[in-house]
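The values are calculated or read from the model by the stated rules, or taken from the named source; none is laboratory data. Note that the coordinates shown come from a computational prediction; the quantities given were computed from them, not determined experimentally. When we count neighbours, we look across all protein chains shown, and the Cβ atoms used for this are built from the backbone with ideal geometry, even at glycine. SASA here: full protein model, heavy atoms, side chains in, ligands and nucleic acids out. Shrake-Rupley method; radii C 1.70, N 1.55, O 1.52, S 1.80 Å.
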Amino acid sequence: MSEKKTIDQLTAEVIEAIEDKKGQDIVTLNVQGRCNFADRFILATGRTDRQLKALANGVRTVGHSNGLTARVDGLEGLEWLVVDLGDVIVHLFLPEVRESFQLERLWSTPEEA
């Protein structure tokens with residue numbers, strides 16, 4: 001299986017896990033060649049800190065089922081959680097925090113904007 005297909009499959013599984021936990025506003029950004037630590041970002045919004053934890057646990061389960069470490073950062077603040085799946089980084093936000101950081105705008109290319 002090619003690396004791109006592997007990333008695409010992992011992305012699809014992560015999105016499915018986020019949708020299963022009722023995550024909102026899911027966006028996928030291709031950052032390959034513009035970011036030295038990942039090829040893809042997946043962003044999603046949760047309504048509460050409790051939902052953010054559930055979203056992160058769902059993503060972590062996908063990571064573990066794919067043999068990845070799936071480290072979660074941000075659990076102490078529960079406003080912006082980052083799940084590191086290697087080539088795919090998942091950002092889970094409370095709505096106001098997502099609006100404040102605007103990662104979509106920061107990482108979008110002219111074609112995506």
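Before moving on, here are some points about what is shown:
- When the charge dipole of the chain is built from unit charges on Cβ atoms (+1 for Lys and Arg, -1 for Asp and Glu) and taken about the Cα centre, the candidate among 46, 24, 67 whose Cα reaches farthest toward its positive end is 67.
- Computed label-point distance, nm, for sites residue 61 and residue 49 using a 7 Å Cα→Cβ extension: 2.3 nm
- Calculated [θ] (222 nm, deg cm²/dmol) that DSSP helices of n ≥ 4 give over the chain, each run adding -39,500 (n - 2.57): -13000 deg cm²/dmol
- Within the shell of other residues whose beta carbon sits under 14 angstrom from the beta carbon of residue 98, the net charge comes to -4, with Lys and Arg scored +1 and Asp and Glu -1.
- Surface share of carbon and sulfur [accessible, 1.4 angstrom probe, percent] for the chain: 49 percent
- Where both bridge residues fall in the range 13-106, DSSP classifies roughly 65% of the beta bridges as antiparallel.
- Summing charges over all other residues whose Cβ lies under 9 Å from the Cβ of residue 54, with Lys and Arg as +1 and Asp and Glu as -1, gives +4.
- Probe 1.4 Å, accessible area per residue of the chain, Å²: 58 Å²
- Applying the criteria of a DSSP loop state and at most 15 other Cβ atoms within 10 Å to the trypsin sites (Lys or Arg not before Pro) of the range 41-113 yields 47.
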